[in-house]
Amino acid sequence: MTETPTARRTVDTAAATRLYLEEKLSVREVGRRLGWSHTAIYDALVAAGVELRPRGSRAQIIPADTRRAVVDGYVAGEKMRVLCARYGIAEQSVRNIVAEAGVPLRLGGTSLSGKSSFDREQAALLAEQGWTAPAIAILTGFCEATVRRHLGQIRGRGRKPLPAGDDLAELLDEVGSVRALAARLGCSQKRAREALNDEGIKPLPRTEVLVRMLARTRSGKEVAAELGCSFRRVRRALERAGVPMRRKAA
């Protein structure tokens, strides 16, 4: 006995259209009412030629004539960044407007605007003029994360140099930790740690340990030699703790 194939379940387009147009339910509400995902309902309404209502609060902000112009420009092949700059709207808003009009979205390349590479010089110039990363992203057609990454790399080239030698070591002794050092220098902990490693700088022992070492050797220079650091660093560390070197060593 052969089994008859089960008919594939399809969206009741007539019911979905009635709920959407007559009862003014949202696409999600129609989906919940009919037991379908909002994506399936959306596709069924678009395929049926139903004119979809604008979604969200942007519907009240973007006028109908602007929305039509955006769709016309997109269909004509204008770049996303051009439409964003012309009408002062975000890239996602353009995508929403185009999708709601039933127009298939173009396949993106390595960037939202179809560009294959990021123009760092343009981004740097815009940033110098006061443009924010989100605004540069809209203008260039690249995502905001890409813009922030490149701007960070651009700024990193001209970043302020860190102190070196005893200056860096004494600053570490003063603040007490790599995290505090990075905060004082205005850099990342990674950069501060790498600078310390490059200079071969290690934290000094606690003050009480330094005092005992000084009492034992009676020479700040011998303490410094034992710790593998400069005498100046030992002297200033003790002076910050209120231990005068001359009086203690005498």
Check: Looking only at region 130-146, which residues are under 11 Å from Glu91 (Cα atoms), in contact with a Lys or Arg (Cβ under 9 Å, 6 or more places away or on another chain) and among the hydrophobic types (A, V, I, L, M, F, W, C)?
Finding: Ala137, Ile138, Leu139, Phe142
Note to self: Residues to consider are Arg218, Arg212, Arg206; find the one that is more than 29 Å from Pro161 (Cβ to Cβ) and within 40 Å of the chain's Cα centre (by Cα).
What the structure shows: Arg206
Notebook entry, point to check: So which residues in region 87-97 are over 14 Å from Thr66 (Cβ atoms) and open to solvent by less than 40 Å² (accessible area, probe 1.4 Å)?
Noted result: Glu91
Check: Going by the structure shown, is Ala215 buried (at least 18 other Cβ atoms within 10 Å of the Cβ) and of a type in the set (A, V, I, L, M)?
Finding: no
Margin query: For region 187-212, give me each residue that is open to solvent by less than 40 Å² (accessible area, probe 1.4 Å), over 16 Å from Phe231 (Cα atoms) and assigned to a helix (DSSP H, G or I).
Written below: Ala192, Ala195, Leu196
Notebook entry, point to check: Based on what the data block shows, is Leu214 touching a Lys or Arg at 6+ places or on another chain (Cβ under 8 Å) and modelled with pLDDT of 85 or more?
Noted result: no
Check: Just checking, which of Pro244, Pro163 is out of contact with any Pro (no Cβ under 9 Å at 6 or more places or on another chain), modelled with pLDDT under 85 and surrounded by 15 or more Cβ atoms within 10 Å (Cβ to Cβ)?
Finding: Pro163
Notebook entry, point to check: Residues that are at pLDDT 85 or above and either open to solvent by less than 70 Å² (accessible area, probe 1.4 Å) or of a type in the set (Ser, Thr, Tyr) (or both): which helices (runs of 4 or more DSSP H) entirely in region 33-86 hold 1 or more of them?
Noted result: 38-47, 64-75
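The values are calculated or read from the model by the stated rules, or taken from the named source; none is laboratory data. Model, not experiment: these values are computed from the prediction. For neighbour counting, all protein chains shown are included, and Cβ atoms are generated from backbone atoms with ideal geometry for every residue, glycine included. Only protein heavy atoms, including side chains, enter the accessible area calculation; ligands, DNA and RNA are left aside. Shrake-Rupley method; radii C 1.70, N 1.55, O 1.52, S 1.80 Å.
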